[in-house]
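Participant: Right, I'll just put the structure down here and ask away after.
The values are calculated or read from the model by the stated rules, or taken from the named source; none is laboratory data. Not measured: the values here are computed from a predicted model. All Cβ positions, even for glycine, are placed from backbone atoms using ideal geometry, and neighbour counts span all protein chains on display. Side chains included, ligands, DNA and RNA excluded: accessible areas come from the protein's heavy atoms. Shrake-Rupley method; radii C 1.70, N 1.55, O 1.52, S 1.80 Å.
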Amino acid sequence: MSGPGAEPTAPLRFIVGEELAGQRVDAALAALAGVPRSQVRHWIDAEAVTLAGTVVTRPSRKVAEGDVVESTPPAPVDTTLAAEDLPLAVIHEDPDLIVVDKAPGMVVHPAPGHYTGTLVNALLHHCGDLAGVGGVLRPGIVHRLDRGTSGVMVAAKHDEAHRLLAEQFHDHTIERIYLTIVRGAPKQDSGRIDRPIGRHPRDRKRMSVRTRSGRAAATNWRVLERYRALGHAYLEIRPETGRTHQIRVHLSSAGLPIAGDDVYGRARRRSGRLPSLDHPALHASVLGFTHPASGEQMRFEAPPPEDMQCLLEALRREEAAG
């Protein structure tokens with residue numbers, strides 16, 4: 001896949017006329033620019049489309065007569081993805097799907113700045129026949145984890161499996177449990193955070209609960225262990241929705257930033273008594289779903305990565321020592 005050094009295409013600017021008023025922004029821009037709607041969605045994914053001066057994050061957003069729609073489409077890329085022999089922790093595999101334990105630091109699919117070394121590249125090498133399943137740039141991918149988040153992921157091996165798994169994620173019938181270490185002392189033993197999430201008003205690379213165009217998001221949490229000596233806690237997380245960076249944003253907004261999260265965590269001097277992490281201490285520990293072919297209920301688990309377990313052990317030692 002080509003990337004660095006590619007020249008961007010010319011900026012586009014359109015004013016919505018009466019004939020397109022009320023349509024989705026992806027459909028309207030496709031008609032105005034004379035390109036397929038799927039291409040416009042790639043522009044939106046790249047945060048390259050604005051409507052009335054604000055970045056478009058939802059293709060379904062409606063346009064009104066007189067609205068200004070602008071885009072600087074990202075440079076065309078070579079959609080040929082390379083299969084790479086990368087370490088891959090396979091938990092389960094059958095003719096329809098594969099379940100893996102993603103390592104922290106691995107990007108899920110190729111994107112600007114990460115054209116190789118992704119989970120997709122590893123899956124193409126391991127499975128061999130995923131090309132085009134569910135999309136050219138994200139073959140087999142049904143859901144994502146942030147680069148720094150580890151844990152259980154499922155990928156589809158053919159289009160029908162992809163469709164049926166994607167429906168379960170869309171309908172929120174998937175069982176998802178995360179484990180995380182946070183800095184702070186929860187006042188209760190459990191709780192629910194129900195705050196819409198959208199793009200940060202000043203930093204487009206971040207998400208925030210302080211936004212006018214947020215989408216509904218809810219996260220349930222429960223304390224597993226408290227480490228009062230150093231002001232940390234070990235939580236179980238059950239998200240009800242799947243917004244970008246949802247758990248990290250919600251916990252930070254509640255005064256419980258995830259350890260190792262340099263984006264949403266408060267700046268703080270590292271304690272010499274604890275090992276440091278180069279990624280957020282967030283792990284997708286359980287994934288449960290209905291098998292797309294057999295209808296069987298499947299449930300897979302994976303333990304936290306070694307560095308997160310080392311941090312847990314250090315916190316427990318400090319707590320025991322008082």
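Participant: When you look at Asp45, is it without any contact (Cβ under 8 Å) to a residue 24 or more places away in the chain, within 30 Å of Gly151 (Cβ to Cβ) and not polar (S, T, N, Q), yes or no?
Facilitator: The answer is yes for Asp45.
Participant: Small (Gly, Ala, Ser) and open to solvent by less than 80 Å² (accessible area, probe 1.4 Å): does that describe Gly272?
Facilitator: No, not satisfied.
Participant: Among the candidates His162, His126, which residue alone is buried (at least 16 other Cβ atoms within 10 Å of the Cβ), in a helix (DSSP H, G or I) and under 18 Å from the mean Cα position of the chain (by Cα)?
Facilitator: Working: His126 fails: under 18 Å from the mean Cα position of the chain (by Cα).
Of the residues listed, the single one that is buried (at least 16 other Cβ atoms within 10 Å of the Cβ), in a helix (DSSP H, G or I) and under 18 Å from the mean Cα position of the chain (by Cα) is His162.
Participant: Still on this structure, I have one more. Can you tell me which residues in segment 264-322 are basic (Lys, Arg) and outside any strand (DSSP E or B)?
Facilitator: Arg266, Arg268, Arg269, Arg270, Arg273, Arg316, Arg317
Participant: If only one of Ala302, Ala284 is among the small types (Gly, Ala, Ser), modelled with pLDDT of 95 or more and in contact with a Lys or Arg (Cβ under 8 Å, 6 or more places away or on another chain), which one is it?
Facilitator: Ala284
Participant: Related question: Please tell me if Leu256 is in contact (Cβ under 8 Å) with a residue 60 or more places away in the chain and surrounded by fewer than 14 Cβ atoms within 10 Å (Cβ to Cβ).
Facilitator: When the stated conditions are applied, Leu256 does not pass them.
Participant: Also, quick follow-up: Please give the number of the condition Thr180 fails out of (1) of a type in the set (S, T, N, Q); (2) open to solvent by 20 Å² or more (accessible area, probe 1.4 Å); (3) assigned to a strand (DSSP E or B).
Facilitator: The one condition Thr180 does not meet is (2).
Residues are listed down the side, and each one gets a yes or a no for (1) assigned to a loop (DSSP other than H, G, I, E, B); (2) at pLDDT below 95; (3) within 28 Å of Ala48 (Cα to Cα):
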residue: Ile98; (1), (2), (3): no, no, no
residue: Val107; (1), (2), (3): yes, yes, yes
residue: Asn121; (1), (2), (3): no, yes, yes
residue: Ala131; (1), (2), (3): yes, yes, yes
residue: Gly151; (1), (2), (3): no, no, no
residue: Val154; (1), (2), (3): no, no, no
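Participant: So, one more: Give just the number: which of (1) more than 30 Å from Leu165 (Cβ to Cβ); (2) modelled with pLDDT of 95 or more does Arg270 not satisfy?
Facilitator: Of everything listed in (1) more than 30 Å from Leu165 (Cβ to Cβ); (2) modelled with pLDDT of 95 or more, Arg270 misses just condition (2).
Participant: Additional query: If you go through segment 190-217 one residue at a time, how many are aliphatic (A, V, I, L, M) and surrounded by fewer than 17 Cβ atoms within 10 Å (Cβ to Cβ)?
Facilitator: Qualifying residue count, segment 190-217: 1.
Participant: For segment 235-245, how many residues are open to solvent by 10 Å² or more (accessible area, probe 1.4 Å), farther than 12 Å from Arg192 by Cβ and outside any loop (DSSP other than H, G, I, E, B)?
Facilitator: So the count comes out to 1.
Participant: List, please: which pairs have Cβ atoms under 7 Å, are six or more places apart or on different chains, and start with a residue in segment 15-35 that is outside any helix (DSSP H, G or I) and end with one that is surrounded by fewer than 17 Cβ atoms within 10 Å (Cβ to Cβ) and hydroxyl-bearing (Ser, Thr, Tyr)?
Facilitator: That search, which allows pairs on different chains as well, returns Arg24/Ser60.
Okay, residues lined up against (1) of a type in the set (A, V, I, L, M, F, W, C); (2) closer than 29 Å to Gln39 by Cβ; (3) in contact (Cβ under 8 Å) with a residue 60 or more places away in the chain:
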residue	(1), (2), (3)
Leu164	yes, yes, yes
Asp194	no, no, no
His200	no, yes, no
Arg206	no, yes, no
Ser213	no, yes, yes
Ala217	yes, yes, no
Tyr227	no, no, yes
Glu236	no, no, no
Arg243	no, yes, no
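Participant: Taking segment 297-322 on its own, how many of its residues are farther than 18 Å from Ile258 by Cα and either among the aromatic types (Phe, Trp, Tyr) or open to solvent by less than 20 Å² (accessible area, probe 1.4 Å) (or both)?
Facilitator: 2
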